[in-house]
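Only one structure is covered here, and it is reproduced in the block below.
The values are calculated or read from the model by the stated rules, or taken from the named source; none is laboratory data. The model shown is predicted, which means the values in this text are computed figures rather than measured ones. All Cβ positions, glycine included, derive from the backbone under ideal geometry; neighbour counts span all protein chains shown.
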Amino acid sequence: MSSIFKKIIDREIPADIVYEDDLCLAFRDINPKAPVHVLVIPKKEIPSLADLNDDDETIVGHCVVALAKIAAAEGLHDGYNMIVNCGEAGGQEVPHLHFHLMGGRQPKS
Ligand code: 5GP
């Protein structure tokens, strides 16, 4: 079943899109938990990390490289976090694979 992120891909609901290409889309999280909080998603409807198969290696690699480029474009030159939640026990709320890019916070002392 399609998730809300599929509706963002299809432009059925709005989002603050920061990057798009043939394989992935990136947009700002609606409830940001860091000064920069972007979600990078594959356009292919993959529910979670647990649903990946060997054919998805290119897509996942593509999303991670896109995330690194977006981080640089957002000015996160000192570092950032990439987080992927998987499944109910992993705290995943939206059943469409997504990579959280979070940055711009003060480093922990
Ligand atoms: P998860 O907990 O599944 O790893 O993260 C889902 C993320 O999607 C959350 O940080 C949440 O704020 C974000 N989110 C949920 N619905 C929407 C939406 O409609 N638009 C945007 N831009 N972000 C959303």
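List of remarks:
- Hey, residue 101 more than 12 Å from the ligand (Cβ to nearest atom), surrounded by 15 or more Cβ atoms within 10 Å (Cβ to Cβ) and modelled with pLDDT of 95 or more or not: no
- The single residue among 31, 81 that is without any contact (Cβ under 8 Å) to a residue 12 or more places away in the chain and polar (S, T, N, Q) turns out to be 31.
- For the stretch 42-92, taking the residues that are assigned to a loop (DSSP other than H, G, I, E, B) and hydroxyl-bearing (Ser, Thr, Tyr), the one that is nearest to residue 8 (Cα to Cα) is identified as 48.
- Complete set of residues in the stretch 93-107 that are in a loop (DSSP other than H, G, I, E, B) and either without any contact (Cβ under 8 Å) to a residue 24 or more places away in the chain or under 13 Å from residue 5 (Cα atoms) (or both): 93, 94, 95, 96, 97, 98, 106
- All positions within the stretch 32-51 that are of a type in the set (D, E, K, R) and either more than 13 Å from the ligand (Cβ to nearest atom) or more than 16 Å from residue 104 (Cβ to Cβ) (or both): 43, 44, 45, 51
- Of the residues making up the stretch 1-52, those that are of a type in the set (Ser, Thr, Tyr), surrounded by fewer than 18 Cβ atoms within 10 Å (Cβ to Cβ) and over 20 Å from residue 80 (Cα atoms) are 2, 3.
- Being under 15 Å from residue 105 (Cα atoms), within 16 Å of the ligand (Cβ to nearest atom) and of a type in the set (Val, Ile, Thr) is a property that does not hold for residue 60.
- For the stretch 11-31, a residue qualifies if it is touching a Lys or Arg at 6+ places or on another chain (Cβ under 9 Å), within 15 Å of the ligand (Cβ to nearest atom) and in a loop (DSSP other than H, G, I, E, B), and the qualifying residues are 12, 13, 15, 16.
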